[in-house]
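The values are calculated or read from the model by the stated rules, or taken from the named source; none is laboratory data. Every value quoted in this text rests on a predicted model; they were computed, and no experiment measured them. Areas reflect the complete protein model, heavy atoms only, side chains present, ligands, DNA and RNA absent. Shrake-Rupley method; radii C 1.70, N 1.55, O 1.52, S 1.80 Å.
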Amino acid sequence: MLSSYNELKFRAHKKRLLDELKRKGITDSAVLKAVSSINRHEFVDSALASRAYEDTALPIDMGQTISQPYTVAFQTQLLEVEKGSKILEIGTGSGYQCAVLLELGASVYTIERHRFLYNRAKDLLQKLGYRAEFKCGDGTEGWSAYAPYDGIVVTAGAPVVPAALMEQLSVGGRLVIPVGNDERQAMHRITCIGDNEFEEEVFDDFKFVPLIGRDGW
Ligand code: SAM
(Lines give C-alpha, C1' and ligand atoms only; values in the text may rest on other atoms or scores of the structure.)
Protein backbone atom coordinates (compact mmCIF):
# COMPACT_ATOMS: atom_id res chain seq x y z
CA MET A 1 0.00 0.00 0.00
CA LEU A 2 2.73 2.42 1.08
CA SER A 3 4.94 1.54 -1.89
CA SER A 4 2.13 2.02 -4.44
CA TYR A 5 1.34 5.38 -2.79
CA ASN A 6 5.03 6.32 -3.16
CA GLU A 7 5.05 5.15 -6.77
CA LEU A 8 2.07 7.37 -7.61
CA LYS A 9 3.70 10.28 -5.82
CA PHE A 10 7.02 9.78 -7.66
CA ARG A 11 5.19 9.50 -10.99
CA ALA A 12 3.46 12.84 -10.38
CA HIS A 13 6.75 14.46 -9.33
CA LYS A 14 8.51 13.07 -12.41
CA LYS A 15 5.79 14.47 -14.68
CA ARG A 16 6.29 17.89 -13.07
CA LEU A 17 10.05 17.62 -13.61
CA LEU A 18 9.60 16.74 -17.30
CA ASP A 19 7.31 19.76 -17.77
CA GLU A 20 9.98 21.92 -16.12
CA LEU A 21 12.74 20.57 -18.38
CA LYS A 22 10.61 21.35 -21.45
CA ARG A 23 9.90 24.84 -20.13
CA LYS A 24 13.64 25.42 -19.65
CA GLY A 25 14.34 24.50 -23.28
CA ILE A 26 14.97 20.75 -23.48
CA THR A 27 13.44 19.81 -26.84
CA ASP A 28 15.03 16.45 -27.66
CA SER A 29 12.18 13.98 -27.23
CA ALA A 30 14.55 11.01 -26.88
CA VAL A 31 16.33 12.74 -23.98
CA LEU A 32 12.99 13.56 -22.31
CA LYS A 33 11.88 9.94 -22.79
CA ALA A 34 15.13 8.67 -21.23
CA VAL A 35 14.65 10.96 -18.20
CA SER A 36 11.06 9.75 -17.86
CA SER A 37 12.16 6.08 -17.97
CA ILE A 38 14.57 6.42 -15.05
CA ASN A 39 13.69 6.56 -11.36
CA ARG A 40 16.05 9.26 -10.07
CA HIS A 41 15.04 8.41 -6.50
CA GLU A 42 16.96 5.12 -6.89
CA PHE A 43 20.20 7.11 -7.42
CA VAL A 44 20.04 9.16 -4.20
CA ASP A 45 20.08 8.30 -0.51
CA SER A 46 16.63 7.18 0.70
CA ALA A 47 16.54 10.22 3.03
CA LEU A 48 16.58 12.44 -0.11
CA ALA A 49 14.16 10.35 -2.19
CA SER A 50 11.28 12.79 -1.68
CA ARG A 51 13.44 15.51 -3.32
CA ALA A 52 14.68 13.34 -6.20
CA TYR A 53 12.42 14.96 -8.82
CA GLU A 54 13.22 18.53 -7.88
CA ASP A 55 15.30 20.17 -10.59
CA THR A 56 18.28 20.46 -8.33
CA ALA A 57 21.65 18.81 -7.66
CA LEU A 58 21.68 16.64 -4.51
CA PRO A 59 24.56 15.35 -2.35
CA ILE A 60 25.81 11.78 -2.92
CA ASP A 61 28.72 11.19 -0.46
CA MET A 62 32.44 11.97 -0.83
CA GLY A 63 31.45 15.65 -1.11
CA GLN A 64 30.02 15.02 -4.63
CA THR A 65 26.61 15.55 -6.21
CA ILE A 66 24.15 13.98 -8.60
CA SER A 67 23.84 16.76 -11.20
CA GLN A 68 20.69 18.84 -11.59
CA PRO A 69 18.32 17.06 -14.03
CA TYR A 70 18.30 20.11 -16.34
CA THR A 71 22.12 19.97 -16.52
CA VAL A 72 22.06 16.23 -17.34
CA ALA A 73 19.40 16.78 -20.03
CA PHE A 74 21.24 19.81 -21.47
CA GLN A 75 24.59 18.00 -21.71
CA THR A 76 22.94 14.90 -23.16
CA GLN A 77 21.06 16.98 -25.74
CA LEU A 78 24.36 18.60 -26.82
CA LEU A 79 25.93 15.14 -27.27
CA GLU A 80 23.31 14.20 -29.92
CA VAL A 81 23.44 10.52 -28.93
CA GLU A 82 22.22 7.96 -31.45
CA LYS A 83 21.48 4.27 -30.91
CA GLY A 84 24.85 2.53 -30.87
CA SER A 85 26.89 5.71 -30.23
CA LYS A 86 30.03 5.04 -28.23
CA ILE A 87 30.11 7.50 -25.32
CA LEU A 88 32.74 8.15 -22.66
CA GLU A 89 31.51 9.73 -19.43
CA ILE A 90 33.96 11.37 -17.02
CA GLY A 91 32.54 11.39 -13.48
CA THR A 92 30.22 8.40 -12.93
CA GLY A 93 29.09 9.79 -9.55
CA SER A 94 25.68 8.30 -8.77
CA GLY A 95 25.39 6.55 -12.16
CA TYR A 96 22.33 8.59 -13.18
CA GLN A 97 23.84 10.26 -16.28
CA CYS A 98 25.19 6.86 -17.32
CA ALA A 99 21.65 5.42 -17.10
CA VAL A 100 20.31 8.27 -19.28
CA LEU A 101 22.95 7.51 -21.95
CA LEU A 102 22.18 3.78 -21.80
CA GLU A 103 18.43 4.46 -22.16
CA LEU A 104 19.31 6.31 -25.40
CA GLY A 105 20.92 3.13 -26.72
CA ALA A 106 24.56 4.23 -26.35
CA SER A 107 27.46 1.97 -25.41
CA VAL A 108 28.82 3.69 -22.34
CA TYR A 109 32.34 3.80 -20.88
CA THR A 110 32.38 5.65 -17.58
CA ILE A 111 35.21 6.73 -15.26
CA GLU A 112 35.01 7.77 -11.61
CA ARG A 113 37.99 8.78 -9.44
CA HIS A 114 36.44 7.89 -6.04
CA ARG A 115 36.52 4.13 -5.49
CA PHE A 116 33.51 4.27 -3.14
CA LEU A 117 31.33 5.99 -5.78
CA TYR A 118 32.71 3.76 -8.56
CA ASN A 119 31.75 0.60 -6.62
CA ARG A 120 28.34 1.87 -5.61
CA ALA A 121 27.34 3.11 -9.08
CA LYS A 122 28.58 -0.09 -10.72
CA ASP A 123 26.56 -2.25 -8.29
CA LEU A 124 23.44 -0.10 -8.62
CA LEU A 125 23.46 0.05 -12.43
CA GLN A 126 24.03 -3.72 -12.61
CA LYS A 127 21.18 -4.30 -10.14
CA LEU A 128 18.90 -2.12 -12.31
CA GLY A 129 19.81 -4.23 -15.36
CA TYR A 130 22.11 -1.73 -17.14
CA ARG A 131 25.38 -2.74 -18.82
CA ALA A 132 28.32 -0.36 -19.12
CA GLU A 133 32.12 -0.45 -18.84
CA PHE A 134 33.35 1.04 -15.54
CA LYS A 135 36.78 2.32 -14.59
CA CYS A 136 38.14 3.81 -11.38
CA GLY A 137 40.78 6.41 -12.23
CA ASP A 138 41.60 9.85 -13.58
CA GLY A 139 39.16 10.67 -16.38
CA THR A 140 41.19 13.69 -17.56
CA GLU A 141 43.41 11.11 -19.28
CA GLY A 142 40.40 9.63 -21.11
CA TRP A 143 40.24 5.87 -21.78
CA SER A 144 42.47 5.24 -24.77
CA ALA A 145 41.82 1.47 -24.87
CA TYR A 146 38.30 2.04 -26.23
CA ALA A 147 38.89 5.28 -28.19
CA PRO A 148 37.74 6.85 -30.45
CA TYR A 149 34.38 7.95 -29.05
CA ASP A 150 31.35 9.48 -30.78
CA GLY A 151 30.80 11.55 -27.67
CA ILE A 152 32.57 12.43 -24.43
CA VAL A 153 30.72 14.08 -21.57
CA VAL A 154 32.53 15.56 -18.60
CA THR A 155 30.30 15.97 -15.54
CA ALA A 156 32.72 17.99 -13.38
CA GLY A 157 34.02 21.54 -13.91
CA ALA A 158 37.40 21.75 -15.69
CA PRO A 159 39.99 24.57 -15.61
CA VAL A 160 41.02 23.72 -19.20
CA VAL A 161 39.97 21.22 -21.87
CA PRO A 162 42.10 18.07 -21.33
CA ALA A 163 44.04 17.40 -24.55
CA ALA A 164 43.62 13.62 -24.19
CA LEU A 165 39.85 13.95 -24.44
CA MET A 166 40.06 15.88 -27.73
CA GLU A 167 42.49 13.29 -29.08
CA GLN A 168 40.06 10.47 -28.25
CA LEU A 169 37.15 11.85 -30.33
CA SER A 170 36.20 10.25 -33.64
CA VAL A 171 35.76 12.56 -36.63
CA GLY A 172 32.26 13.98 -36.08
CA GLY A 173 32.53 13.20 -32.36
CA ARG A 174 31.52 15.78 -29.74
CA LEU A 175 33.10 16.63 -26.39
CA VAL A 176 30.71 18.33 -23.96
CA ILE A 177 32.59 19.88 -21.06
CA PRO A 178 32.05 22.68 -18.51
CA VAL A 179 35.14 24.95 -18.42
CA GLY A 180 35.79 27.86 -16.09
CA ASN A 181 36.87 28.81 -12.58
CA ASP A 182 35.80 27.31 -9.24
CA GLU A 183 32.63 29.46 -9.19
CA ARG A 184 31.12 29.14 -12.70
CA GLN A 185 31.84 27.10 -15.81
CA ALA A 186 30.58 27.71 -19.34
CA MET A 187 29.36 24.65 -21.21
CA HIS A 188 31.57 23.99 -24.24
CA ARG A 189 30.86 21.65 -27.14
CA ILE A 190 33.94 20.76 -29.16
CA THR A 191 33.30 18.86 -32.38
CA CYS A 192 36.09 17.04 -34.20
CA ILE A 193 35.66 18.03 -37.87
CA GLY A 194 38.79 16.39 -39.28
CA ASP A 195 42.26 15.18 -38.48
CA ASN A 196 43.21 17.40 -35.52
CA GLU A 197 40.60 19.98 -36.57
CA PHE A 198 37.96 21.13 -34.09
CA GLU A 199 35.02 23.49 -33.93
CA GLU A 200 34.03 24.99 -30.58
CA GLU A 201 30.68 26.34 -29.37
CA VAL A 202 30.05 27.94 -25.97
CA PHE A 203 26.71 27.79 -24.18
CA ASP A 204 25.34 28.93 -20.79
CA ASP A 205 27.12 28.96 -17.42
CA PHE A 206 26.70 26.15 -14.88
CA LYS A 207 28.16 25.28 -11.49
CA PHE A 208 29.83 21.88 -11.14
CA VAL A 209 32.00 20.14 -8.55
CA PRO A 210 35.67 20.34 -9.63
CA LEU A 211 37.31 17.99 -12.11
CA ILE A 212 40.34 16.73 -10.19
CA GLY A 213 43.31 15.14 -11.93
CA ARG A 214 46.31 15.48 -14.21
CA ASP A 215 44.54 18.00 -16.49
CA GLY A 216 42.03 19.12 -13.87
CA TRP A 217 42.30 21.14 -10.67
N1 SAM B 1 27.47 12.06 -13.75
C2 SAM B 1 27.25 12.07 -12.34
C3 SAM B 1 25.88 11.62 -11.95
O4 SAM B 1 25.03 11.41 -12.83
O5 SAM B 1 25.64 11.44 -10.75
C6 SAM B 1 27.60 13.43 -11.80
C7 SAM B 1 28.54 13.33 -10.66
S8 SAM B 1 29.34 14.71 -9.99
C9 SAM B 1 28.56 16.16 -10.55
C10 SAM B 1 30.95 14.67 -10.79
C11 SAM B 1 31.76 13.44 -10.51
O12 SAM B 1 33.02 13.58 -11.18
C13 SAM B 1 32.08 13.18 -9.05
O14 SAM B 1 31.60 11.91 -8.70
C15 SAM B 1 33.61 13.25 -8.99
O16 SAM B 1 34.18 12.38 -8.04
C17 SAM B 1 33.98 12.89 -10.40
N18 SAM B 1 35.31 13.32 -10.84
C19 SAM B 1 35.96 14.49 -10.61
N20 SAM B 1 37.16 14.50 -11.22
C21 SAM B 1 37.27 13.31 -11.86
C22 SAM B 1 38.27 12.71 -12.68
N23 SAM B 1 39.42 13.33 -13.00
N24 SAM B 1 38.04 11.48 -13.17
C25 SAM B 1 36.89 10.82 -12.89
N26 SAM B 1 35.92 11.33 -12.12
C27 SAM B 1 36.09 12.55 -11.62
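Amide H contacts of residue 92: 111, 112, 113, each under 5 Å away and 5 or more positions distant or on a separate chain (H built 1.01 Å from N in the peptide plane; Pro and chain starts excluded).
I'd like the carbon and sulfur percentage of the solvent accessible area for the stretch 109-217, probe radius 1.4 Å, heavy atoms only, ligands and nucleic acids excluded. Result for the stretch 109-217: 46 percent of the exposed heavy-atom area is carbon or sulfur. Taking all protein chains into account, the per residue accessible area for the stretch 4-206 stands at 46 Å² (1.4 Å probe). May I ask for the percentage of alpha-carbon pairs in the chain that lie more than 32 Å from each other? Across the chain, Cα pairs with separations above 32 Å total 12 percent. For the chain, calculate the relative contact order in percent as a whole number, restricting contacts to Cα pairs under 8 Å that are 6 or more residues apart. Reported relative contact order: 15 percent.
Its Cα gyration tensor gives the stretch 156-206 an equivalent ellipsoid, and the semi-axes of that ellipsoid, as √(5λ) in whole Å with the largest first, are 21, 11, 7. On a 0 to 90° scale, report how tilted helix 115-127 is relative to the longest principal axis of the chain, with both axes built from alpha carbons and the result rounded to the nearest 10. That works out to roughly 60 degrees. Ligands, DNA and RNA aside, residue 166 has an accessible area near 50 Å² when probed at 1.4 Å. For the stretch 93-154, the Cα-based Rg and Dmax, in that order, read 11.0, 29 Å.
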